[in-house]
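Working notes for the structure below.
The values are calculated or read from the model by the stated rules, or taken from the named source; none is laboratory data. Not measured: the values here are computed from a predicted model. Reconstructed Cβ throughout: ideal geometry from the backbone, glycine too, with neighbour counts over all protein chains shown.
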Amino acid sequence: MMIKLILSLGIVLTLMYLSFKFAGNGLNKVNKDKNIKVLERVQLAKDSYLVIVKICGKGWVMSVSQNNSEKILELTDEELNNIEKKKIESQEAMQEYYTNILSKASEYKNKVLRKNKSKEDTDER
């Protein structure tokens, strides 16, 4: 019973990792060729956000609400590049984190399976 639970957990975690990895890569490829990108978005109130957008290579900080959108600040190329670089680093760190979790889960599953198999071998004797 415990083995089935651990195997199921390992399979679910693996499927989650693969779906996030392939979906993320697919979305990145689709969004790479777009002229308008939302780099970051922070909710300030129920219906208002502060967003950093890149439109045709230029960056802006904008305030967006249900009834209004307003440019607050134009970003320099250096600031825009720094934001994009940090976003990529964050995505890579998250991918490394999930890879590490899956690796540990797989090691634990293998350890439990070996332990259970040796217990079954001992019980058969």
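Answer yes or no: is there a residue in the range 60-76 that is out of contact with any Gly (no Cβ under 7 Å at 6 or more places or on another chain), surrounded by fewer than 11 Cβ atoms within 10 Å (Cβ to Cβ) and among the basic types (K, R).
yes
Please go through the range 75-120 and give me each residue that is under 25 Å from E40 (Cβ atoms), free of Cβ contacts under 8 Å to residues at least 40 places away in the same chain and hydroxyl-bearing (S, T, Y), ordered by number.
T76, S90, Y97
Hey, among K87, K46, which residue is surrounded by 10 or more Cβ atoms within 10 Å (Cβ to Cβ) and at pLDDT 85 or above?
So the residue among K87, K46 that is surrounded by 10 or more Cβ atoms within 10 Å (Cβ to Cβ) and at pLDDT 85 or above is K87.
For the condition assigned to a strand (DSSP E or B) and within 21 Å of N35 (Cα to Cα), what is the one hit in I88, I72?
I72
Mind listing whichever residues of the range 32-43 are surrounded by 11 or more Cβ atoms within 10 Å (Cβ to Cβ) and of a type in the set (A, V, I, L, M, F, W, C)?
Listed by number, the residues that qualify are V38, L39.
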